[in-house]
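A.B. asks: Dumping the structure here so I can ask a few things about it.
The values are calculated or read from the model by the stated rules, or taken from the named source; none is laboratory data. Since the model is a prediction, treat every value here as computed from it, not as a measurement. Cβ atoms come from the backbone with ideal geometry, glycine included; neighbour counts cover every protein chain shown. The protein model used for the area step is the full one, side chains on, heavy atoms only, and it has no ligands, DNA or RNA in it. Shrake-Rupley method; radii C 1.70, N 1.55, O 1.52, S 1.80 Å.
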Amino acid sequence: MTDPDDTEASLIAERARTSELIESMSARLASVIEATADTASDDEHDPEGTTLAVERGQLVAQLERSRVRLEEIDAALERLGRGAYGRCETCGEEIGAERLEVLPAARQCVRCAAKNSSRRW
Ligand SMILES: [Zn+2]
């Protein structure tokens, strides 16, 4: 059995890491946008401008994923608070300690997650 206190601690640690990541990526994105603006007078054949555009796209995607992750972690903490943590939201079965260790914020068991792969977790 997973100790609920350990689970909460690892979710909180994960939340802190994700918040930090979002902060540093936001800062990086802001500087990339600034740099892009500086090179905007050059045409798009400027190799540095292209690199920045690629990095900008990646940062936006990473930020989006991290924000989603943060929401999932908050939802998991909320489930933990009302004793619903560790149960699949779809079939009600236990998610399983191994899966929860890898994905502490998982809301579906492996079977349901595989069936419904359009869902994030
Ligand atoms: Zn399930």
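A.B. asks: Going by average Cβ density within 10 Å per residue, which order do the peptides 12-23, 69-80 take, highest to lowest?
C.D. replies: Values: 12-23: 14.6, 69-80: 17.2.
Put in order of decreasing packing, that is 69-80, 12-23.
A.B. asks: First compute the accessible area of the chain with a 1.4 Å probe, then give the percent of it belonging to carbon and sulfur atoms.
C.D. replies: Working: 4070 of 7990 Å².
Carbon plus sulfur share of accessible area: 51 percent.
A.B. asks: Follow-up. Starting from the Kirkwood radius over alpha-carbon pairs of the chain, derive D by Stokes-Einstein at 37 °C in a medium of 0.692 mPa s and give it in µm² s⁻¹. Write down the numbers at each step before the final one.
C.D. replies: Details: Rh = 16.5 Å.
Diffusion coefficient, whole number: 199 µm²/s.
A.B. asks: Using a 10 Å cut-off on Cβ atoms, rank the peptides 100-106, 32-38 from the highest mean neighbour count down. Before the final figure, lay out each step's value.
C.D. replies: Details: 100-106: 18.1, 32-38: 13.7.
Going from most to least packed, we get 100-106, 32-38.
A.B. asks: Something else: Report, in degrees rounded to the nearest 10, the 0 to 90 angle that the Cα long axis of helix 47-81 makes with the longest principal axis of the chain.
C.D. replies: Tilt of helix 47-81: around 20 degrees.
A.B. asks: Show the residues, 5+ positions off or on another chain, whose built amide H is closer than 5 Å to the amide H of ARG87.
C.D. replies: Answer set, sorted by chain and number: ILE95.
A.B. asks: Between ALA53 and GLU89, how high is the FRET efficiency from 1/(1 + (r/R0)^6) when r is the Cβ-Cβ distance and R₀ = 30 Å? Nearest 0.05.
C.D. replies: On the way: r = 38 Å, r/R0 = 1.28.
In this case the efficiency is close to 0.20.
A.B. asks: May I pose another question? Want the number for ARG17 to ARG82: 0.36 nm per residue separation, take away the alpha-carbon distance, what's left? Intermediate values should be presented prior to the final figure.
C.D. replies: Working: separation 65, 0.36 × 65 = 23.40 nm, distance 2.39 nm.
Result: 21.0 nm gained on full extension.
A.B. asks: Working from Cα positions, state the angle (0 to 90°, nearest 10) between the long axis of helix 4-38 and the longest principal axis of the chain.
C.D. replies: 10 degrees
A.B. asks: Compute the signed sum of charges (Lys and Arg +1, Asp and Glu -1) over the other residues within less than 14 Å, Cβ to Cβ, of ALA30.
C.D. replies: -2
A.B. asks: What is the chain's relative contact order, in percent, from Cα pairs under 8 angstrom and six or more apart in sequence? Mind dumping the intermediate values first?
C.D. replies: Working: 93 pairs, mean separation 30.4, N = 121.
With pairs under 8 Å counted, the relative contact order is 25 percent.
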